[in-house]
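What follows is a single structure, written as structure tokens, with notes after it.
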Amino acid sequence: MVGESRLGKVYVIVIFLLPSLVGLVAFNVIPIIHSIYASLTEWDLITPAKFIGIENYLGIFQDENSVKGMINTFKFVGGYIPLALFLSLIFAALLDMKLRWIKLYRALFFVPVIISWVVVSLIWLWLFNSDTGLINYLLSMLGIQGPMWLQDESTAMLAVIIASLSKDLGYFTIILLSGLQGISDEYYESADIDGANAFQKFFKITIPCLTPILFFVLVILLITSLQVFDQVYVMTGGGPYGSTRTLVLEIYDNAFQLNKAGFACAQAWFLVIIIWIVTVSQNKLQKRWVHYDSI
């Protein structure tokens, strides 16, 4: 009787999970498996796929646009992540202050996070307009000739990074703010008794206690920045002269513009491998600087 009762409960669980499981298999598992096979084929989305083995993966390093896409992606990562970490930490400290209307300031600071990437990108597309944009207008009031932000190879990636920061900072700032508020006041009180100054308290108490949160933020930053696409697609389209052409934009163009779906699948799985290597490396290195015993 007990066995039959348990079996009945299993059937009930399966019945309730079945709609979700069907959707998961149909729209996630099967496409993932198919994309792995497609990455080993020559396929244009129309004619039957032709198996070619690992030629697509070898072609990634032989294709000039793919190599440039990888380089530009790492350029974005190298410029975006340090700024995002530094600014998020600064803003988190400011929003942790006990000020009037502080909850309103926190809410307003988080607003860009819930706005779609297309809207944010279009706003910055106008702000960076070399002729009618607000940024160059403000620079002209200071007697400075503003650059052609999105048409100049030397400033286009910087413009994309600034736009990315404007949307993402609120998310990472709130996460770091929660970490700051989780640090016990007893640590700072003890430091005050010992005569520690603000600089010493920040680097000897705040940062060590915040390392688990910083680690989480760093992991998310790396994963998302390696997949940068929306803002590049809307603001520059990969230009000028391919200076902002990222790996995900390459995948999109190969799949839907050039009809090289097999090659695009190989590029996508290559990006998955990069993200996996970076994530595993971070998990290995965290033992050297993350202090879980400090929280």
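General remarks:
- Loop trypsin sites (Lys or Arg not before Pro), the stretch 70-105 (other Cβ atoms within 10 Å of the site Cβ: 16 or fewer; DSSP): Lys98, Arg100
- Given charges at beta-carbon only (K, R positive; D, E negative), |dipole| of the stretch 138-231 in Debye: 140 debye
- Options Phe76, Val217, Leu158, ranked by Cα towards positive dipole end of the chain, top entry (Cβ charges): Val217
- When the Gaussian network model of the chain links Cα atoms closer than 10 Å, the mean-square fluctuations of Phe256, Phe203, Phe229 top out at Phe203.
- Amide hydrogen neighbours beyond the local backbone of Glu42, cut-off 5 Å, H modeled: Lys50, Phe51, Ile52
- Theoretical gain in end-to-end length, Leu99 to Leu138 [0.36 nm per residue, Cα-Cα removed]: 11.0 nm
- Taking the chain as a Gaussian network of alpha-carbon nodes connected by springs under 10 Å, the highest mean-square fluctuation of the residues Leu180, Leu142, Leu94 belongs to Leu142.
- Computing FRET efficiency as 1/(1 + (r/R0)^6) for Leu85 and Arg6, where r is the C-beta to C-beta distance and R0 is 45 Å, gives about 0.35.
- Listed residue (Leu17, Leu271, Pro240) projecting farthest to the positive dipole end of the chain, Cβ model: Leu17
- Placing unit charges on the Cβ atoms only, positive for Lys and Arg and negative for Asp and Glu, gives the chain a dipole magnitude near 520 debye about its Cα centre.
- Non-local Lys pairs in the chain, i.e. 8 or more apart or on different chains, that have alpha carbons under 23 Å apart: 8
- Helical segments meeting 27 Å axial Cα length and Kyte-Doolittle -0.5 threshold in the chain (DSSP H): 2-24, 64-95, 153-181, 261-289
Coordinate-derived values only; no laboratory data. For clarity, every value in this text was computed on a predicted model and none was experimentally measured. Please note: Cβ atoms are built from the backbone with ideal geometry, for glycine as well, and neighbour counts cover all protein chains shown.
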